[in-house]
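Inspection log for the structure reproduced underneath, given as structure tokens.
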Amino acid sequence: MKEFIHIRTSERDILPPEEKETLLLARLAEIPSLIVALSGGADSAYLSWAAHEALGARALSVTALSPSYSAHDRAVVEEFVAKRGLRHEFIETHEMENPAYRANAADRCYFCKDELFSALDELAHSRGFAAVAYGVNADDTLDFRPGHRAATEHQVLAPLLDAALRKAEIRHLSHRSGLPTWDRPASACLASRLPYGTEVTPERLGLVERGEAELRALGFRQFRVRLHDKLARVEIAPDEMPRALAPEMAAAIANRLKAAGFAYVALDLEGYRQGSLNETLSPAGRRSATAGRGT
């Protein structure tokens, strides 16, 4: 089954999403048993659903808990697996014990995913599962994601990528199947809110989590609280920006985030964009982080 990730997808790019889904389910059904890494985002939730459809009890969705995983994300996962009847477990990962992860260099995600896939490999071996899969999609290959290197090293399957499914198609198919995650805003671990070089600590992650909980309570859907020392740089989705800029709301955002522990609050006028902290990386830095240290 380890060849799954290496199958060429170019001929599948032009297929309608429904045919890609048929292909995905057929290929998943060929796997004797499977563990799916479920973070709760639209991609991993769709893959967990598809694995359950194809394999039933032979599929196990697993969510890793650590200080970088928010209580909100955990609640989303708990509701999702309960409503869909998925076989599911939580495990704990310990990336915080790795100094290379805490150092928060450009390849931080590699060490996080290496810890995750090591834990899932161990679980698969002890339980007799044939393979481990994760929810990388065809659009993700265009982004800067050092974690993909860890997936390759651990021979983790990438069924959505193999089926050439893109993010918009995954959302469409999720909506068609009634998955509540179909329009869930893009999410990432809390450590992604810290600029490279800022040490990852439970205290900093907790501060970011409290700040984002306040924005969520104010009714915003797509946002990030980027931590810069004592300052919160708030990114709000462009379509929500007018509401954030209203004087009363701007004051509410500042007051709530200061109460959460920030000394200063700034609204980023460029709005939310995925991976904005990567904008500080040089092309050479991106290549090094993706390829691995010393390569």
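The values are calculated or read from the model by the stated rules, or taken from the named source; none is laboratory data. Keep in mind that what you see is a predicted model, and the values were worked out from it rather than measured. So basically every Cβ, Gly included, is an ideal-geometry build from the backbone, and we count neighbours across all protein chains shown. Ligands, DNA and RNA are stripped out before the accessible areas are found, and what is left, the full protein with its side chains, is counted by its heavy atoms. Shrake-Rupley method; radii C 1.70, N 1.55, O 1.52, S 1.80 Å.
Once you wrap a convex hull around the alpha carbon atoms of region 104-191, what is its projected area averaged over all directions, in nm²?
Numbers: hull surface 27.1 nm².
Computed as one quarter of the Cα hull surface, the answer is 6.8 nm².
Packing-wise, with mean Cβ within 10 Å as the measure, how do 50-59, 131-140 rank, highest first? Walk me through the intermediate numbers first.
On the way: 50-59: 19.4, 131-140: 22.6.
Descending mean neighbour count gives 131-140, 50-59.
On a 0 to 90° scale, report how tilted helix 247-260 is relative to the longest principal axis of the chain, with both axes built from alpha carbons and the result rounded to the nearest 10.
80 degrees
So who's got an amide H within less than 5 Å of the one on residue 91, skipping anything under 5 residues away but keeping other chains? H placed 1.01 Å off N, in plane.
63, 64, 65
Can you list the residues of region 190-214 with backbone N under 20 Å from a point 7 Å past the Cα of residue 263, pointing along Cα to Cβ?
Hits in region 190-214 for residue 263 at 20 Å: 194-212.
Summarise the accessible area of region 1-122 (1.4 Å probe, protein heavy atoms) by the percent that is carbon and sulfur. Don't jump to the answer; show the numbers that get you there.
Details: 2800 of 5350 Å².
Reported share for carbon and sulfur atoms: 52 percent.
Quote the charge dipole size of region 1-146 about the Cα centre in Debye, to the nearest 20; the model charges only the Cβ of Lys and Arg (+1) and of Asp and Glu (-1).
Details: 15 positive and 24 negative charges, 54 e Å.
Dipole size: approximately 260 debye.
Across region 184-197, in residue order, what do the Karplus-derived ³J(HN,Hα) couplings come to in whole Hz, using 6.51 cos²θ - 1.76 cosθ + 1.60 with θ = phi - 60° and x for Gly and Pro?
Coupling constants for region 184-197: 5, x, 3, 10, 7, 5, 4, 5, 5, 8, 9, x, 4, x Hz.
Rolling a 1.4 angstrom probe over the protein heavy atoms, how many square angstrom per residue are accessible across region 1-127?
Values: 5740 Å² over 127 residues.
The answer is 45 Å² per residue.
Bin width 10 Å, origin at 0, all Cα-Cα pairs of region 127-171: what percent of pairs per bin?
In order of increasing distance, the bins hold 25, 53, 19, 3 percent.
With r defined as the distance between the Cβ atoms of residue 153 and residue 231 and R0 fixed at 30 Å, what FRET efficiency is calculated, to the nearest 0.05?
0.25
Per the Cauchy relation, a quarter of the hull surface: what is the mean projected area of the convex hull of the alpha carbons in the chain, in nm²?
Values: hull surface 61.2 nm².
Quarter of the Cα hull surface area: 15.3 nm².
Compute a Gaussian network model of the chain, connecting alpha carbons closer than 10 Å, and tell me which residue from 120, 218, 207 fluctuates the most.
Of 120, 218, 207, the most mobile in the Gaussian network model is 218.
Run lengths n ≥ 4 of DSSP H only: what is the helix-derived mean residue ellipticity at 222 nm for the chain, with -39500 (n - 2.57) per run over all residues, to the nearest 500?
Working: 12 runs with 130 residues, N = 295.
Rounded to the nearest 500, the figure is -13500 deg cm²/dmol.
How tilted is helix 202-217 with respect to the longest principal axis of the chain? Cα atoms for both, answer in degrees (0 to 90, nearest 10).
With both axes taken from Cα atoms, the answer is about 80 degrees.
Rounded to the nearest Å, what's the spacing between the alpha carbon centres of region 175-246 and region 11-78? Just the number, please.
Cα centroid to Cα centroid, the span is 24 Å.
Can you tell me the mean projection area, over all orientations, of the convex hull of region 14-173's alpha carbons? Units nm², please. Don't skip to the end; give the middle numbers.
Details: hull surface 36.5 nm².
Dividing the Cα hull surface by four gives the mean projection, 9.1 nm².
Would you please classify the overall shape of region 172-275 from the alpha carbon gyration tensor, given that a ≥ b ≥ c denote the square roots of the eigenvalues, rounded means a/c under 1.5, and beyond that prolate means a/b larger than b/c while oblate covers the rest? Intermediate results must be reported in sequence, preceding the final value.
Details: a/c = 1.97, a/b = 1.31, b/c = 1.50.
Here region 172-275 falls in the oblate category.
List the residues of region 48-67 whose backbone N lies under 18 Å from a point placed 7 Å from the Cα of residue 19 along the Cα-to-Cβ direction.
none
Give me the count of lysine pairs in the chain whose alpha carbons sit under 30 angstrom apart, restricted to pairs 8 or more positions apart or on different chains.
11
With everything on Cα atoms, drop me the angle between helix 108-127 and the longest principal axis of the chain, reported from 0 to 90° to the nearest 10.
The angle comes out near 40 degrees.
Tell me, what HN-Hα J-couplings in whole Hz come from the Karplus equation 6.51 cos²θ - 1.76 cosθ + 1.60 at θ = phi - 60° for each residue of region 67-76, using x for Gly and Pro?
Each residue of region 67-76 in turn: x, 8, 10, 6, 5, 5, 4, 4, 5, 4 Hz.
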